[in-house]
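Asker: Submitted below is the structure of interest, expressed as structure tokens.
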Amino acid sequence: MDRKYIENEHIVDRYLSGELTVREAREFERFCCAQPAILNDLPLPVSVKARLARRPADSTSADFKDLPSAAMRSALAAGEEGFDVAEEQLEWRRTSRGGVNRMVAIAMAVALVAAVAAAVVYSRQAGTATAQLQRLQREQTSRKMQAPGSVQTLRLQLSRAKPVEATTTIGWPVPPQLLDIFIDATDGKYNMFQITIDKVDEGRVMQLHRVARDSNRELRFKLNSSAFGPGDYLLKFEGYSWRGDLEDIGWLRLDMR
């Protein structure tokens with residue numbers, strides 16, 4: 001039994017007129033006891049509401065199937081029994097208020113749980129946003145060209161094949177350094193070179209054209225570390241033939257993190 005069934009089947013009117021069977025009356029009374037908030041809205045006399053709210057229905061003999069239940073008969077006989085209507089009204093209000101208070105308490109508990117969950121989610125999102133902001137700030141700072149505070153000399157050998165891992169680990173110099181790089185070019189037939197620098201998974205950083213080897217037959221060039229952000233850098237070396245064509249010579253992969 002539910003509220004819709006009570007309205008559709010006119011249970012209240014039939015209950016008051018004694019047309020319900022004992023089973024139907026008992027179900028209605030049990031529903032009213034379990035749902036004080038709904039009972040408060042039903043068009044029942046206050047004395048009947050009070051009886052239904054105070055106790056469950058008593059058992060009734062099978063001889064009274066066509067009569068109202070015990071709770072209904074007790075309410076109708078209240079005048080003869082000295083039934084105090086004012087007292088029953090007060091008891092009814094207390095019962096109804098208790099049901100409402102329980103519903104309010106449950107609603108407040110649910111709202112509190114939702115608020116705590118929202119606070120946890122917000123805290124995590126705020127932490128993630130803060131970490132991302134700090135990372136962007138570091139990258140922005142690292143991309144500003146700064147005067148190098150020292151010089152780091154690197155003497156390196158080229159790899160014939162394109163490397164998939166770093167061939168040299170430099171780290172991220174703080175403060176910035178001037179990287180003085182020497183490449184052994186004694187065995188080659190080229191005197192002029194092109195150096196292409198790409199950041200792995202991002203793109204082209206710079207390209208140096210027609211870099212000549214020195215008197216020691218070494219290819220020498222210098223890079224300011226502050227011109228690069230932290231990451232892996234792939235350096236491709238090509239030599240100019242006597243016709244001016246570019247031919248592959250070798251590779252380097254620098255780990256600057």
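The values are calculated or read from the model by the stated rules, or taken from the named source; none is laboratory data. All values derive from a computational prediction rather than experimental measurement. Here Cβ is always computed from backbone atoms with ideal geometry, including for glycine, and neighbour counts include all displayed protein chains. When the accessible area is computed, the model is the full protein with side chains, heavy atoms only, and any ligands, DNA or RNA have been set aside. Shrake-Rupley method; radii C 1.70, N 1.55, O 1.52, S 1.80 Å.
Asker: So, in the range 21-50, of the ones that are more than 44 Å from the chain's Cα centre (by Cα), at pLDDT below 80 and closer than 19 Å to K4 by Cβ, which residue ends up surrounded by the fewest Cβ atoms within 10 Å (Cβ to Cβ)?
Answerer: The selected residue is P43.
Asker: Sticking with this structure for a sec: For the range 200-252: of the residues being of a type in the set (K, R) and part of a strand (DSSP E or B), which is surrounded by the most Cβ atoms within 10 Å (Cβ to Cβ)? Spell out the reasoning first.
Answerer: Of the range 200-252, the ones of a type in the set (K, R) are 204, 210, 213, 217, 220, 222, 236, 243.
Those still in the list that are part of a strand (DSSP E or B) too: 204, 210, 213, 220, 222, 236.
Working: R204: 9, R210: 10, R213: 20, R220: 15, K222: 11, K236: 17.
Among those that are of a type in the set (K, R) and part of a strand (DSSP E or B), it is R213.
Asker: If I filter the range 135-153 down to residues being touching a Leu at 6+ places or on another chain (Cβ under 6 Å) and either assigned to a strand (DSSP E or B) or at pLDDT 90 or above (or both), which single residue comes out as nearest to M256 (Cα to Cα)? Give the steps one after another, and end with the answer.
Answerer: We begin by selecting, within the range 135-153, every residue touching a Leu at 6+ places or on another chain (Cβ under 6 Å); these are 148, 151-152.
Applying the additional criterion that residues be either assigned to a strand (DSSP E or B) or at pLDDT 90 or above (or both) yields 151-152.
On the way: V151: 15, Q152: 13 Å.
Result: Q152.
Asker: Considering each residue of the range 5-15, count those that are closer than 12 Å to L42 by Cα and either within 42 Å of the chain's Cα centre (by Cα) or open to solvent by 80 Å² or more (accessible area, probe 1.4 Å) (or both), and give that number.
Answerer: Counting residues in the range 5-15 that are closer than 12 Å to L42 by Cα and either within 42 Å of the chain's Cα centre (by Cα) or open to solvent by 80 Å² or more (accessible area, probe 1.4 Å) (or both) gives 3.
Asker: Further, regarding this structure: Do we have any residue at all in the range 108-131 that's modelled with pLDDT of 85 or more and in contact with an Asp or Glu (Cβ under 9 Å, 6 or more places away or on another chain)?
Answerer: no
Asker: Which residue pairs have Cβ atoms closer than 7 Å, lie 6 or more positions apart in sequence or on different chains, and pair a first residue in the range 99-127 that is surrounded by 10 or more Cβ atoms within 10 Å (Cβ to Cβ) with a second residue that is at pLDDT below 85?
Answerer: Partner pairs satisfying both residue conditions: G99/P36; G99/A37; V100/A37; M103/A37.
Asker: Return the pair list, or none, for Cβ contacts closer than 9 Å from residues in the range 209-221 that are closer than 14 Å to I181 by Cα to residues that are open to solvent by 100 Å² or more (accessible area, probe 1.4 Å) and charged (D, E, K, R), at least 6 apart or on different chains.
Answerer: V211/R220; R213/R220; D214/R220; R217/D187; E218/R155
Asker: Here is a further query. Check the range 193-202 and report whether any residue there is more than 49 Å from the chain's Cα centre (by Cα) and under 22 Å from T167 (Cα atoms). Working first, answer last.
Answerer: Kept after step one, since they are more than 49 Å from the chain's Cα centre (by Cα), are these residues of the range 193-202: 193-194.
Those left that are additionally under 22 Å from T167 (Cα atoms): 193-194.
There is at least one residue in the range 193-202 that is more than 49 Å from the chain's Cα centre (by Cα) and under 22 Å from T167 (Cα atoms).
Asker: Go through the range 174-192 and give me each residue that's more than 46 Å from the chain's Cα centre (by Cα) and more than 14 Å from W251 (Cα to Cα).
Answerer: First pass over the range 174-192, keeping only residues more than 46 Å from the chain's Cα centre (by Cα): 180-192.
Matches in the range 174-192: D180, T186, D187, G188, K189, Y190, N191, M192.
Asker: What do you reckon, is G171 touching a residue at least 40 places away in the same chain (Cβ under 8 Å), on the phi > 0 side of the Ramachandran plot and under 47 Å from the mean Cα position of the chain (by Cα)?
Answerer: Details: touching a residue at least 40 places away in the same chain (Cβ under 8 Å): yes; on the phi > 0 side of the Ramachandran plot: yes; under 47 Å from the mean Cα position of the chain (by Cα): yes.
Spelling it out, G171 is indeed touching a residue at least 40 places away in the same chain (Cβ under 8 Å), on the phi > 0 side of the Ramachandran plot and under 47 Å from the mean Cα position of the chain (by Cα).
Asker: Name the pairs: first residue in the range 232-257 and within 13 Å of K199 (Cα to Cα), second residue assigned to a loop (DSSP other than H, G, I, E, B) and of a type in the set (F, W, Y), Cβ to Cβ under 6 Å, at least 6 apart or on different chains?
Answerer: Every condition considered, the pairs that remain are M256/W172; M256/F228; R257/W172.
Asker: If you go through the range 168-186 one residue at a time, do you hit one that is at pLDDT 90 or above, open to solvent by 30 Å² or more (accessible area, probe 1.4 Å) and out of contact with any helix residue (DSSP H, G or I) (no Cβ under 8 Å at 6 or more places or on another chain)?
Answerer: Within the range 168-186, one or more residues are at pLDDT 90 or above, open to solvent by 30 Å² or more (accessible area, probe 1.4 Å) and out of contact with any helix residue (DSSP H, G or I) (no Cβ under 8 Å at 6 or more places or on another chain).
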